[in-house]
Amino acid sequence: MKKSKIYTRGGDKGMTSLIGGKRVPKTHLRIEAYGTIDELNAFIGLLMTELKEHSTWEILRFVQEKLFAVGASLATVPEKTDAGIENMLEREIARLEGAIDEIDSDLPQMHNFVIPGGCPATALAHVARTVCRRAERAIFRLAEQEHVDGSIFIYMNRLSDLLFVIARRESLSANGEEIFLGSPMFNE
């Protein structure tokens, strides 16, 4: 069997195909939304290379697989979207909430805004969180014009929360403390 080439030349003039065959410009809101999901998935992969705790790595590996499903849903012509993602994401939202609650139960109460940074894993978790928020905004812009399954909004919102508590835990684990807005180091 002859191996197919990675390039098709089909997008050389600024158009691409959605799942279902419809051709759209590469600047289409749908492309922006699932492209940002792809970027988020890559940043989560980078974050995973810095994690010390296996349970966090495991939940994020599972998140990566679900982001492929979210991306596929967003890459599909709306009329051909499989409603199965809603049922799948409802279960996954509960899983994210459980992970958030478990991590957050070990974190101290916050009294100020957290400054991103402190160690590579913390910084990467914050980068992933902000890309997640950008993906969420892109999905909402798309939903203003075309159908998007509502469970995707909830999933993305919980995912950014998960990334936030992971960032906090990684900072505490690496540094023994977090950097907060108004910390003494900024007021010298």
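The values are calculated or read from the model by the stated rules, or taken from the named source; none is laboratory data. Note that the structure is predicted; figures quoted are calculated from it, not measured. Please note: Cβ atoms are built from the backbone with ideal geometry, for glycine as well, and neighbour counts cover all protein chains shown. All accessible areas refer to the heavy atoms of the entire protein, side chains included, with ligands and DNA or RNA removed. Shrake-Rupley method; radii C 1.70, N 1.55, O 1.52, S 1.80 Å.
Data overview
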read-out: Sole exception among (1) surrounded by 14 or more Cβ atoms within 10 Å (Cβ to Cβ); (2) more than 24 Å from Ala123 (Cα to Cα); (3) not aromatic (Phe, Trp, Tyr) for Gly10, by number; value: (1)
read-out: Residues that are surrounded by fewer than 20 Cβ atoms within 10 Å (Cβ to Cβ) and in contact (Cβ under 8 Å) with a residue 12 or more places away in the chain, drawn from the stretch 138-147; value: Phe140, Arg141, Gln145, Glu146, His147
read-out: Residues being surrounded by fewer than 19 Cβ atoms within 10 Å (Cβ to Cβ), modelled with pLDDT under 95 and in a helix (DSSP H, G or I) - total across the stretch 155-188; value: 7
read-out: Unmet requirement for Pro116, which otherwise passes all of (1) open to solvent by less than 70 Å² (accessible area, probe 1.4 Å); (2) under 18 Å from Leu51 (Cβ atoms); (3) not in a helix (DSSP H, G or I); value: (1)
read-out: Number of positions in the stretch 23-58 that are among the charged types (D, E, K, R), part of a helix (DSSP H, G or I) and exposed (fewer than 13 other Cβ atoms within 10 Å of the Cβ); value: 0
read-out: Output for the stretch 119-135, where each listed residue is over 13 Å from Val165 (Cα atoms) and surrounded by 20 or more Cβ atoms within 10 Å (Cβ to Cβ); value: Val131, Cys132, Ala135
read-out: Near pairs, Cβ below 9 angstrom, 6+ apart or cross-chain, from the stretch 1-19 (under 15 Å from Glu32 (Cβ atoms) and touching a residue at least 40 places away in the same chain (Cβ under 8 Å)) to any residue that is of a type in the set (A, V, I, L, M) and surrounded by 10 or more Cβ atoms within 10 Å (Cβ to Cβ); value: Leu18/Val24; Leu18/Ile31; Leu18/Ala75; Leu18/Val77
